[in-house]
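Please treat every number below as a calculation from the coordinates, not as lab data. These figures come from a predicted structure and were not determined experimentally. Cβ placement follows ideal geometry from the backbone for every residue including glycine, while neighbour counts extend to all protein chains displayed.
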Amino acid sequence: MWASRKFQGFTIVELLIVIVVIAILAAITIVSYTGIQERARISAAQAFAAQIKHSPDMLDATGVFAFDECSGTTVNDSSGKGNTGTIAGTVSWSTDTPTGSGCSLSFNGTNTHVNTAAEIGASFYIKSAWVKVADCGATNNIISGPGSAFYSCNLRSGHNGSWTQVATGSERLGDNKWHHVMSKYENGTLSIYIDGEEIDSASVATPNTLTNQIGVLNSQNNRFSGLIDDVVIIGR
Ligand SMILES: [Ca+2]
């Protein structure tokens with residue numbers, strides 16, 4: 001009797017237990033893999049952002065804003081050019097940052113922006129920032145001026161009237177997670193990057209040297225809604 005039972009295989013209950021255990025292990029593996037992917041994305045973006053800060057182009061930085069004041073209505077510029085920024089409208093600081101330390105600036109999409117005298121240049125420019133956007137329903141200007149725009153959620157950049165000169169093929173922002181974004185003009189080519197990866201580039205007209213605002217276009221249009229941190233503006 002015992003000998004015959006040995007070869008009856010799993011009972012239904014045993015089989016269910018095995019299936020449940022396999023399902024739990026699979027779920028743990030998927031969650032863990034997603035976590036590893038996310039850490040790799042942030043890590044690559046942080047390395048890219050650090051690379052910008054250590055590049056020779058920083059000699060031509062016109063505005064470097066860490067947004068680590070955590071209070072008040074002015075933001076310090078560490079570029080050495082003295083282009084201190086002034087927060088207009090509602091001022092709201094956040095301790096939610098890409099690095100987990102310091103502060104970021106919260107833009108309400110209604111009246112918050114930062115005025116600066118930081119210029120992009122006619123022969124080279126970089127606009128770089130960390131952004132966290134939850135709502136992709138509106139155009140969110142990140143770093144823009146009267147003749148130059150860089151905005152999300154479907155990340156786009158352009159100048160001299162061609163506002164959508166380079167663009168992402170699909171919305172990669174808007175997931176309420178921190179992303180590093182950069183727009184770079186050099187030798188007639190404008191390129192945009194997300195988390196250190198070049199997404200798109202195009203031949204463009206020569207830009208104008210002009211000042212920029214953070215979180216708005218022309219003081220009133222298409223305001224940013226979400227968090228911005230670590231803005232770098234370079235121009236020559
Ligand atoms: Ca900061």
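What the table below lists for this structure:
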read-out: Inter-label distance for Asn76 and Ala88, nm, one decimal - labels placed 7 Å from Cα along Cα-to-Cβ; value: 2.5 nm
read-out: Nonlocal amide H pairs with Asp200, under 5 Å, H built at 1.01 Å; value: Ile192
read-out: Fewest-first sequence of Tyr193, Tyr33 by Cβ atoms within 10 Å of each Cβ; value: Tyr33, Tyr193
read-out: Nonlocal amide H pairs with Thr97, under 5 Å, H built at 1.01 Å; value: none
read-out: Potential extension, Asn154-Leu15 segment - 0.36 nm per residue separation minus Cα distance; value: 45.2 nm
read-out: Separation between Cα centres of segment 190-236 and segment 85-107, rounded to whole Å; value: 18 Å
read-out: Peptides ranked, highest mean first, by Cβ atoms within 10 Å: ranges 16-29, 141-154, 58-71; value: 141-154, 58-71, 16-29
